[in-house]
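Heads up, the thing below is written out as structure tokens.
What follows draws every value from the coordinates through simple rules; no lab data is involved. Because the structure is a prediction, the values reported are computed rather than measured. Backbone-built Cβ (ideal geometry, glycine too); neighbour counts: all protein chains shown.
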Amino acid sequence: MKTCILAIESSCDDTSAAVIADGVLRSNVTARQKIHEKYGGVIPEAASRKHQLNIVPVVSEALESAGLTMNELHAVAVTIGPGLIGSLMVGVSYAKGLSLALDIPLIAVHHMQAHVLAHFIEEPRPRFPFLCLTVSGGHTQIVLVREDLSMEVLGQTLDDAAGEAYDKTAKLLGLPYPGGPLIDELAAKGDGSRFQFPRASVPGLNYSFSGVKTAVMYFLRERLKDDPDFIEKNIHDLAASIQEAINDALLQKLKRAVKESGIREVALAGGVSANSGLRSKAARWAEKEGLNLYIPKIEYSTDNGAMIAMAAHFKYQKGDFAPLDITPEARLSI
Ligand code: KG4
Ligand code: ZN
């Protein structure tokens, strides 16, 4: 009989559930929350209320499309952190209830490890050890992945995450939240060399993205004095130039990590890895250097239950189960 695991993700603003059977993904269902668009960012209180509404139908749909009933599950997995505490609590409480009611083990999954393990949902899978640039709305990390559950953060952002830089600069351009995908879309028709925004210089393999946002803010303030329609007239070039600055900075440190470690297997993960500019820039670099580059499908780049299910599969194999009194953690390091 196959080992079937239900996995739940509710760390931020997406409610997602997936079913995996013996390491093969059977379903992946996500409810996105639209409510945050007009506020320019995720409102934690609103996010947890929406999770509360979404979790039952999302889990039902995931089970149904996997062709399973709850009684056929062998374990239930959930994101334990990092994330918004109120959002995490909805998924964790639900998973605990299920574990107790069905008398099956609970598996606690680290959200950032799961982003990395999204690479194991489908072929081609990276070989160990590999380097993973995990770029999301809350994190920017260069991770050395020794084994499925053995990872080390080699460098990370000292302030804003890359996704945050995308979203905050997009907000300055008057775009709704999350602005990252919209910048990507607008940049496709723009000239990324038209405006120069700074690439912060920080030691080692660390990053800093707070400067881009401030530079764009001052730049726009000056230009808007002379021309109130400046943004509208130049939106494509502005988006492309912002995208260029962020992606350039991201790849600079990844290149350094490759050079220092000698590792030739390189992966991108997290919401920002959906960025088409980053994908093509990384692909050109990998081809030139003869590296093996892995980028997940977009549905497995942004937050999703499938990556939690994949991580849960590895944990189940090791018998790595969580006690029922485990609590969500907003700040959890790999
Ligand atoms: O991994 P993710 O879905 O959630 C977190 O764990 O944070 O990442 C969300 C982030 C947001 O900042 C969003 O704007 C960004 O990923 N993002 C993108 C794109 N798609 C999502 N940024 C740039 N270009 C994209 N195409
Ligand atoms: Zn994420």
If region 127-295 were replaced by its equivalent ellipsoid, with semi-axes equal to the square roots of 5 times the Cα gyration tensor eigenvalues, what would those be, largest first, whole Å? 30, 15, 13
Separation between the Arg32 and Ser201 pseudo-spin-labels, each 7 Å from Cα along Cα→Cβ, expressed in nm? 3.9
Label-zone membership for region 223-255, site Asp159, 7 angstrom Cα→C-beta point, backbone N under 19 Å: 242-253
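Against the globular-protein guess of 2.2 N^0.38 Å, express the Cα radius of gyration of the chain as a ratio, rounded to two decimals. Display every interim value, and only then the final one.
On the way: Rg = 20.2 Å, N = 334, 2.2 N^0.38 = 20.0 Å.
Ratio of Rg to 2.2 N^0.38 Å for the chain: 1.01.
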Return the Cα extents of region 5-114 along principal axes one, two and three, sorted largest first, each rounded to a whole Å. 41, 25, 23
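Just subtract the alpha-carbon distance of Lys259 and His74 from 0.36 nm times their residue separation and send over the number in nm, one decimal. List each step's numbers first, then the result.
Working: separation 185, 0.36 × 185 = 66.60 nm, distance 4.32 nm.
Stretched out fully, the Lys259 to His74 stretch lengthens by 62.3 nm.
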Any chance you could check the Cα centroid distance between region 227-270 and region 50-112 for me, in angstrom? 35
In nm, the gap between the two label points placed 7 Å beyond Cα toward Cβ at Ser65 and Arg49 is 2.8
GNM of the chain, Cα pairs under 10 angstrom: of Tyr39, Tyr177, Tyr94, the biggest fluctuation goes to Tyr39
Measuring from label point to label point, each 7 Å out along Cα→Cβ, what is the Ser193 to Leu100 span in nm? 6.3
Reachable lysines from Lys213, Cα under 27 Å, same-chain residues fewer than 8 places away excluded? Lys34, Lys38, Lys168, Lys171, Lys189, Lys225, Lys233, Lys253, Lys255, Lys281
Proximal aspartates and glutamates to Lys259, defined as alpha-carbon separation beneath 14 angstrom and excluding residues fewer than eight positions away on the same chain: Glu289
